[in-house]
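Take a look at the structure below.
The values are calculated or read from the model by the stated rules, or taken from the named source; none is laboratory data. Everything numeric in this text was worked out from a predicted model, so none of it was measured. Positions of Cβ are backbone-derived with ideal geometry, glycine not excepted, and every protein chain shown enters the neighbour counts.
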Amino acid sequence: MTLPTLLINTEPARWLPALRAAAPEMQFRPQAEIGDAADVDAILTWKVDPALIDALPNLRLLYAVGAGVDYLVDLARTRPQLQIARVVDDAVTGDVATLAVAGTLQWFRDLPAYAGQKQNELWHPLPVRSTADTTIGILGLGRIGRAIARAFQALGFRVCGWSRSIHRMEGVSTYTGSEGLHAMLPQAQVLVCALPLTAETEGIISAQVLGCLPPKSFFVNVGRGLHVDEVALQAALDSGRLAGAFLDVFAEEPLAPGHSFWLDARVQITPHVASRTRPSRVAPQIIDNLLRLRTGQPLLNLVRPEAGY
Ligand code: GLV
């Protein structure tokens with residue numbers, strides 16, 4: 001039986017050496033050297049042009065290099081011969097959690113205000129907020145949301161979380177459904193979005209949802225830009241409902257020049273850097289799945305297109 005061929009559609013200079021080192025006998029082809037398109041069984045990708053997918057007659061597997069698979073789900077829904085697998089790496093999960101916590105803590109401990117004071121040689125202590133008096137509400141309790149919850153718990157914050165299906169976590173009040181969301185929001189002095197982007201979650205951070213938060217709360221987004229109604233978010237900042245926001249993802253990336261978020265000192269911005277998969281860590285699991293594909297065994301880390309993640 002021939003070994004499957006994996007087409008590398010993203011950052012070949014990073015991925016090829018790691019994959020070739022892990023399985024020298026396998027066929028890994030950068031897209032620039034695609035050769036006979038009929039040879040390709042699987043594609044390693046981030047965002048992909050549907051025309052490329054349709055030009056690969058024997059393609060069976062979309063392999064996502066990121067945690068979020070929203071770019072691929074619609075492709076697989078309309079092409080039932082395709083499965084989607086994603087790489088899973090605890091280091092990536094931890095990286096997203098560190099950014100969510102860092103983004104929250106810089107606001108919580110007034111670091112931007114003290115940076116401003118330093119510029120003016122000002123010594124002006126601000127009131128210290130207490131973690132025990134502060135509730136973090138996490139949207140999404142998948143692998144990443146749970147890691148974020150644990151990190152905040154370890155610092156002594158009260159933590160609650162909302163997810164599509166109920167997830168029990170020790171010490172975390174968990175909610176589900178629209179009623180659950182509305183029960184959680186008024187407690188969440190910090191709201192962290194760690195949801196997958198699906199038809200159900202697109203635009204979830206709406207004027208109505210933001211309006212349910214306590215006054216002067218803080219919003220963190222390490223999910224997807226399209227979770228947020230950006231006009232509503234700016235309005236919530238302007239009305240004081242939100243004291244600030246920390247955003248790693250945006251509806252349009254890069255964020256457009258002149259966007260109100262660039263100009264608003266209450267908004268901290270990072271350029272979609274919460275995590276970056278390290279090829280050498282995940283090459284063995286990709287190869288394992290390619291071998292499973294060859295022998296017809298069930299694949300690991302499959303995405304459920306019907307759920308959207
Ligand atoms: C990054 O946004 C990812 O989905 O991995």
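Which count do you get for residues in segment 68-82 that are surrounded by 19 or more Cβ atoms within 10 Å (Cβ to Cβ) and farther than 15 Å from LYS47 by Cα?
Number of matching residues: 1.
Go through (1) at positive phi; (2) surrounded by 13 or more Cβ atoms within 10 Å (Cβ to Cβ) for GLY171 and report which single condition fails.
The failed condition is (2).
Are there any pairs, at least 6 apart or on different chains, whose C-beta atoms fall under 6 Å, with the first in segment 113-137 and under 30 Å from THR174 (Cβ atoms) and modelled with pLDDT of 95 or more and the second polar (S, T, N, Q) and in a helix (DSSP H, G or I), and if so, which?
Correct list of pairs: THR135/GLN187.
Just one of ALA245, ALA236 is buried (at least 20 other Cβ atoms within 10 Å of the Cβ), modelled with pLDDT of 95 or more and in a strand (DSSP E or B); which is it?
Values: ALA236 fails: in a strand (DSSP E or B).
Just one listed residue meets the conditions, ALA245.
Can you report the number of residues in segment 138-162 which are without any contact (Cβ under 8 Å) to a residue 24 or more places away in the chain and surrounded by 21 or more Cβ atoms within 10 Å (Cβ to Cβ)?
Count: 1.
Find all pairs meeting these conditions: Cβ atoms under 9 angstrom apart; at least six residues apart or on different chains; first residue within segment 262-287 and farther than 25 Å from THR10 by Cα; second residue in a helix (DSSP H, G or I) and within 16 Å of the ligand (Cβ to nearest atom).
From segment 262-287, the pairs are GLN268/GLY103.
Which one of ASP110, ASP74, ASP95 is under 30 Å from ASP133 (Cβ atoms), away from the ligand (no atom under 15 Å from the Cβ), out of contact with any strand residue (DSSP E or B) (no Cβ under 6 Å at 6 or more places or on another chain) and acidic (Asp, Glu)? Walk me through how you get there before you give the answer.
On the way: ASP74 fails: under 30 Å from ASP133 (Cβ atoms); ASP95 fails: away from the ligand (no atom under 15 Å from the Cβ).
Only one candidate passes the filter, namely ASP110.
Looking at segment 14-30, which of its residues are in contact (Cβ under 8 Å) with a residue 40 or more places away in the chain and either acidic (Asp, Glu) or part of a helix (DSSP H, G or I) (or both)?
We begin by selecting, within segment 14-30, every residue in contact (Cβ under 8 Å) with a residue 40 or more places away in the chain; these are 14-15, 17-19, 21-23, 26.
Correct list: ARG14, TRP15, PRO17, ALA18, LEU19, ALA21, ALA22.
Quick one: which strands (runs of 3 or more DSSP E) sit completely within segment 118-193 and have at least 1 residues that are closer than 18 Å to GLY211 by Cα?
In segment 118-193, the matching strands (runs of 3 or more DSSP E) lie at 135-139, 158-163, 190-193.
Does GLN297 satisfy the criteria of being over 16 Å from LEU185 (Cα atoms), outside any helix (DSSP H, G or I) and without any contact (Cβ under 8 Å) to a residue 24 or more places away in the chain?
Answer is yes for this residue.
Quick check, is PHE261 surrounded by 13 or more Cβ atoms within 10 Å (Cβ to Cβ) and touching a Gly at 6+ places or on another chain (Cβ under 9 Å)?
Against the criterion (surrounded by 13 or more Cβ atoms within 10 Å (Cβ to Cβ) and touching a Gly at 6+ places or on another chain (Cβ under 9 Å)), PHE261 does not qualify.
Would you be able to tell me the number of residues in segment 41-70 that are in contact with a strand residue (DSSP E or B) (Cβ under 8 Å, 6 or more places away or on another chain) and within 16 Å of the ligand (Cβ to nearest atom)?
Qualifying residue count for the region: 11.
Working only within segment 1-13, note down all residues that are under 16 Å from SER280 (Cα atoms) and either at pLDDT below 95 or part of a helix (DSSP H, G or I) (or both).
Within segment 1-13, PRO12, ALA13 meet the criteria.
Hey, could you check segment 83-92 for residues that are surrounded by fewer than 19 Cβ atoms within 10 Å (Cβ to Cβ) and assigned to a helix (DSSP H, G or I) and say which is farthest from the ligand (Cβ to nearest atom)?
Going through the qualifying residues, I end up with ASP90.
Checking LEU59 against (1) outside any loop (DSSP other than H, G, I, E, B); (2) closer than 21 Å to PRO4 by Cα, only one condition comes out false. Which one?
(1)
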